[in-house]
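> Here it is, the structure, as structure tokens.
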Amino acid sequence: MRRPLLPALAALAVLSAPGLLLRGQSAKEHPHGDLQLDCGECHGPDGWTPLRKDRTFEHGSTGYVLALAHAKASCRSCHRSLQFDRVGTACVDCHQDAHRGEFGSACESCHSQGTWTNQGEMFRVHSRTRFPLFAVHARLDCTSCHRHQRPAQFAATPAECGNCHLQTFLATTAPSHVQAGFSRRCEDCHSVTAMSWREARFSHPETFPLQGRHGGLTCARCHAAGGYTGLSTACASCHQKDFAAAANPNHVAGRFPATCQDCHTIAGWRPAKFDHGTTAFPLVGAHGQVTCERCHPGGRYTGTPRQCAACHQADYDRTTNPNHRASGFPTQCENCHNPGAWRPANFDHDRTAFPLDGAHDRVSCQRCHPGGRYAGTSRQCASCHQGNYDRTTSPNHRAAGFPASCESCHDTGAWRPASFDHGKTAFPLTGAHNRTGCERCHTGGRYAGTPKQCSSCHQADYDRTSNPNHRAGNLPTTCESCHHTGAWRPANFDHAKTGFPLTGAHNRTTCERCHPGGRYAGTSKQCASCHQANYDQTTNPNHRAANFPTACETCHGTNAWRPATFDHNRTAFPLTGAHNRTGCDRCHTNGRYAGTPRQCAGCHQGNYDRTTNPSHRAANFPTSCQDCHGTNAWRPATFDHDGRDFPIYSGKHRGKWAACSDCHVNPANYKVFECILCHKHADRREMDDKHKGMSGYAYLSTACYSCHPRGTKP
């Protein structure tokens, strides 16, 4: 029987009205927690249960979309309590982790919401492990490989082939993997992408790659009796029989090495080719067209000599143009012949100690080697040209005593013209000498022993020179001192080459000022020899009265006589501080310079006598002013008490005194001092008690100082 519409709508309004409570419901109760939804989306007007079949609630609005198996599950499967806001969204919140944490908590990495056993998806995820699945592996059930772990545990499964295929390795007989000593690394020959176990391919080691004819052989041809390890890679290990059977040429008789690769290749056993270039005698020219038997008769290959005469001695013996044997030619045929052909022959004279150039290159061999004599031919010019030397008259070589070394003036281009390079002698020609005829210096055709001194030709020029008069001035006859080879005049004397170079005003002075009367030799270099009058006339200060030395250069320079400067730092008393600002007459009174004392008291005795704080004279202070005073100013003065005697500016006495008189009680004698008048030492009984039994103790200040010279405990 259908209910009236109005009561139903009223009930729905009650359910929909926010804040309204159903009958019997407490205001504090809320079964779904903090859920901000209209109750009418899930509940009907007849009651809280059953839920509306046509409910409009979209689970995706919560942020968690229900799909596949989740969409078919009942609400109670996940919402075991009515408080919907307390349900987790992670897989492990509802599903127990069968893998015990091996793969983390993200179940969706391998599983979908449709089913737990979606194996295709799992294989896809397997590519992210260290063992992707290919080919046959992709068709297997998970338990085929993961069979030794606990259920649903996979991480500890080893990835090595031998884990699953060890029995296959042990059972394989073609070839027997065990007998051959093969590695258990199946992947060396088998591929995980192959669809069959027998699709195996072995990559031969790089030490012996299979190429050429080797690549078409069966494994058994080289690996007889199933032996694979320890095999030699030498050719002879397989081809020794081929080596022994070879007859053209006979390898054994020819003592050929067993290194087959020297002549054979892996492309085929025949044809074979020997590369003579790999030996010490590469074949070039005609040697390359000669049969092996010509050089290796009787099948003899080892020890064949490489000298030409070993094959060509007969050619050497019968040669007559020129006769090699009679001429004593060496048997080194390569000196004139080449391997291209025996003739024509060409001798390279440049390879001897006498290369041919110029006219020598156009002369027949007989001209220098008469009678077919080649060995021992002299290389001296005179051996061929002595006649030319003897006949020459311009100049007469023999009369002039010329050496027989023709190359000094002649060259190989032609006998004439001849040119003598005077630069090769000890007297090279320069300037006017280069334009002078030979007979001017070599009179009477005399060349040997010609002197090199200028005066030997120019003595007359020296004697008649009057400006200055060389002879009267006793000038040396070394003309080159002032003259040069360009021309006799003008002449220039470089005074810097003497022991007195000219600088400043000296450079502008005429020669006569220093060399009066044309006298040059023996001129003194001392300043006073020219400037004695200047020394005598000087009054500010008076040099003579002051007993100044006559070494003018001490204060004067060569640029001008005035101003003059004296460098006091070059004396035993350099000027510093206030001394540098004091007039000379303050220290050198009455123009007295020599013997000036360097002691402070020599000038400052009055300061010493007048000082009262403290009185230097009464205190018997030494007159070594520098002990307390500096050169910058007389005051302030400082005395280093700590460094010299008793420390008062440091240690325990620092700040314990106000004036020197606190300790030095006698102003007339600072050597008198008192210790027992200060601080705690004044109590004699206390001091006597503390020093009881100590040797040398006395209640006297001098005794205190003898044991405590630095004011500290001994």
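The values are calculated or read from the model by the stated rules, or taken from the named source; none is laboratory data. For clarity, every value in this text was computed on a predicted model and none was experimentally measured. A quick note on method: Cβ atoms are made from the backbone with ideal geometry, for glycine too, and the neighbour counts reach across all protein chains shown. The accessibility values were calculated without ligands, DNA or RNA, using every heavy atom of the protein model including side chains. Shrake-Rupley method; radii C 1.70, N 1.55, O 1.52, S 1.80 Å.
> Would you point out the residue of the range 348-378, among those that are polar (S, T, N, Q) and within 18 Å of Asn321 (Cα to Cα), that is most open to solvent (accessible area, probe 1.4 Å)?
Of the residues in the range 348-378, the ones polar (S, T, N, Q) are 352, 364, 366, 377-378.
So of that shortlist, the ones also within 18 Å of Asn321 (Cα to Cα) come out as 364, 366.
Working: Ser364: 59, Gln366: 118 Å².
Selected residue: Gln366.
> Among the residues of the range 637-649, how many are closer than 19 Å to Pro709 by Cα and surrounded by 11 or more Cβ atoms within 10 Å (Cβ to Cβ)?
Number of matching residues: 8.
> Follow-up. State whether the residues of the range 409-420 include one that is closer than 30 Å to Leu356 by Cα and not in a loop (DSSP other than H, G, I, E, B).
no
> Here's something else I'd like to know. Please state which of the following conditions Tyr462 fails to meet, knowing it meets all the rest: (1) open to solvent by 70 Å² or more (accessible area, probe 1.4 Å); (2) touching a Lys or Arg at 6+ places or on another chain (Cβ under 8 Å).
With (1) open to solvent by 70 Å² or more (accessible area, probe 1.4 Å); (2) touching a Lys or Arg at 6+ places or on another chain (Cβ under 8 Å) applied to Tyr462, the lone miss is (1).
> To continue, here is another question. With the requirement that a residue be within 30 Å of Thr157 (Cα to Cα), outside any loop (DSSP other than H, G, I, E, B) and either open to solvent by 70 Å² or more (accessible area, probe 1.4 Å) or of a type in the set (Phe, Trp, Tyr) (or both), what does the range 48-101 give you?
Once the filter is applied, which keeps residues that are within 30 Å of Thr157 (Cα to Cα), outside any loop (DSSP other than H, G, I, E, B) and either open to solvent by 70 Å² or more (accessible area, probe 1.4 Å) or of a type in the set (Phe, Trp, Tyr) (or both), the range 48-101 yields only Asp93.
> Condition test on Arg398, is it among the basic types (Lys, Arg), farther than 30 Å from Ala326 by Cβ and surrounded by 14 or more Cβ atoms within 10 Å (Cβ to Cβ)?
No.
> Go through (1) part of a loop (DSSP other than H, G, I, E, B); (2) within 60 Å of the chain's Cα centre (by Cα); (3) surrounded by 14 or more Cβ atoms within 10 Å (Cβ to Cβ) one by one and return the number of the condition Ser105 breaks.
It fails just one condition, (3).
> Okay, next question. Taking into account only those residues within the range 430-446 that are assigned to a loop (DSSP other than H, G, I, E, B) and either open to solvent by 60 Å² or more (accessible area, probe 1.4 Å) or of a type in the set (D, E, K, R) (or both), which is modelled with the lowest pLDDT?
Step by step, filter the range 430-446, then rank; the result is Arg446.
> Hey, another quick one. For the range 672-685, does any single residue satisfy the condition of being in a helix (DSSP H, G or I), touching a Phe, Trp or Tyr at 6+ places or on another chain (Cβ under 8 Å) and open to solvent by less than 70 Å² (accessible area, probe 1.4 Å)?
no
> Filter the range 579-599 for residues that are assigned to a helix (DSSP H, G or I) and within 60 Å of the chain's Cα centre (by Cα); which is surrounded by the fewest Cβ atoms within 10 Å (Cβ to Cβ)? Lay out the reasoning, then the answer.
First pass over the range 579-599, keeping only residues assigned to a helix (DSSP H, G or I): 579-581, 584-587, 589-591.
Now drop any that are not within 60 Å of the chain's Cα centre (by Cα), which leaves 579-581.
Values: His579: 15, Asn580: 12, Arg581: 7.
Top of the filtered list is Arg581.
> Considering only residues of the range 303-323 that are surrounded by fewer than 13 Cβ atoms within 10 Å (Cβ to Cβ) and under 53 Å from the mean Cα position of the chain (by Cα), which is nearest to Pro257 (Cα to Cα)?
Gly303
> Got a number for residues in the range 600-636 being assigned to a strand (DSSP E or B) and open to solvent by less than 90 Å² (accessible area, probe 1.4 Å)?
1
> To continue, here is another question. Considering the range 654-671 alone, what residues qualify as being more than 60 Å from the chain's Cα centre (by Cα), more than 21 Å from Ala619 (Cα to Cα) and open to solvent by 90 Å² or more (accessible area, probe 1.4 Å)?
Lys656
> Is there any pair linking a residue in the range 681-695 that is among the aliphatic types (A, V, I, L, M) to one that is part of a helix (DSSP H, G or I), with Cβ under 8 Å and at least six apart or on different chains, and which?
Correct list of pairs: Met687/His681.
> Would you please list the contacts, defined by Cβ atoms under 8 Å and residues six or more apart or on different chains, that run from a residue in the range 248-273 that is open to solvent by less than 80 Å² (accessible area, probe 1.4 Å) to a residue that is basic (Lys, Arg) and not in a loop (DSSP other than H, G, I, E, B)?
Within 8 Å, the pairs are Ile266/Arg213; Ala267/Arg213; Gly268/Arg213.
> Okay, next question. If you go through the range 117-157 one residue at a time, how many are within 22 Å of Ala73 (Cβ to Cβ) and either hydroxyl-bearing (Ser, Thr, Tyr) or modelled with pLDDT of 75 or more (or both)?
Result for the range 117-157: 1.
> List every residue pair whose Cβ atoms sit under 7 Å apart, with the two residues 6 or more apart in sequence or on different chains, where the first one lies in the range 163-174 and is farther than 15 Å from Cys189 by Cα and the second, anywhere, is open to solvent by less than 80 Å² (accessible area, probe 1.4 Å) and not β-branched (Val, Ile, Thr).
Cys164/Cys145
> Please go through the range 166-188 and give me each residue that is open to solvent by 40 Å² or more (accessible area, probe 1.4 Å), out of contact with any Phe, Trp or Tyr (no Cβ under 8 Å at 6 or more places or on another chain) and closer than 18 Å to Gly227 by Cβ, ordered by number.
Within the range 166-188, Thr173, Ala174, Gln179, Ser183 qualify.
> On to the next question. Could you grab me the full set of residues in the range 538-562 that are farther than 17 Å from Ala594 by Cβ and either in contact with a His (Cβ under 9 Å, 6 or more places away or on another chain) or open to solvent by less than 70 Å² (accessible area, probe 1.4 Å) (or both)?
Answer for the range 538-562, where residues must be farther than 17 Å from Ala594 by Cβ and either in contact with a His (Cβ under 9 Å, 6 or more places away or on another chain) or open to solvent by less than 70 Å² (accessible area, probe 1.4 Å) (or both): His556, Gly557, Thr558, Ala560, Trp561, Arg562.
> Can you tell me which residues in the range 523-566 are small (Gly, Ala, Ser) and without any contact (Cβ under 8 Å) to a residue 12 or more places away in the chain?
Ser524, Ser529, Ala533, Ala564
> Among the residues of the range 701-714, write down those that are in contact with a helix residue (DSSP H, G or I) (Cβ under 9 Å, 6 or more places away or on another chain), within 15 Å of Phe673 (Cβ to Cβ) and open to solvent by 80 Å² or more (accessible area, probe 1.4 Å).
Arg710
> Suppose the filter is charged (D, E, K, R), exposed (fewer than 12 other Cβ atoms within 10 Å of the Cβ), farther than 15 Å from Trp415 by Cβ and at pLDDT below 90; does Arg343 pass it?
yes
> When the range 569-578 is examined, which residues are found to be touching a helix residue (DSSP H, G or I) at 6+ places or on another chain (Cβ under 8 Å) and either at pLDDT 90 or above or part of a loop (DSSP other than H, G, I, E, B) (or both)?
In the first step, residues of the range 569-578 are kept if they are touching a helix residue (DSSP H, G or I) at 6+ places or on another chain (Cβ under 8 Å); the result is 570, 574-575.
Listed by number, the residues that qualify are Pro574, Leu575.
> Here's a check for you: in the range 214-231, which residue that is touching a Cys at 6+ places or on another chain (Cβ under 9 Å) and not basic (Lys, Arg) is surrounded by the fewest Cβ atoms within 10 Å (Cβ to Cβ)?
Leu231
> Which residues, counting only those in the range 509-542, are at pLDDT 90 or above and closer than 25 Å to Thr571 by Cα?
Lys525, Gln526, Cys527, Ala528, Ser529, His531, Gln532, Asn534, Tyr535, Asp536, Gln537, Thr538
> Does Leu475 count as modelled with pLDDT of 90 or more, surrounded by 13 or more Cβ atoms within 10 Å (Cβ to Cβ) and not hydroxyl-bearing (Ser, Thr, Tyr)?
No.
> I would also like to ask the following. For the range 509-519, how many residues meet the condition of being open to solvent by 60 Å² or more (accessible area, probe 1.4 Å) and not hydrophobic (A, V, I, L, M, F, W, C)? Before the answer, list the steps.
Filtering the range 509-519 down to residues open to solvent by 60 Å² or more (accessible area, probe 1.4 Å) leaves 510-513, 516-517, 519.
Next, only the ones that are not hydrophobic (A, V, I, L, M, F, W, C) stay: 510, 512-513, 516-517, 519.
Summing the residues that are open to solvent by 60 Å² or more (accessible area, probe 1.4 Å) and not hydrophobic (A, V, I, L, M, F, W, C) in the range 509-519 gives 6.
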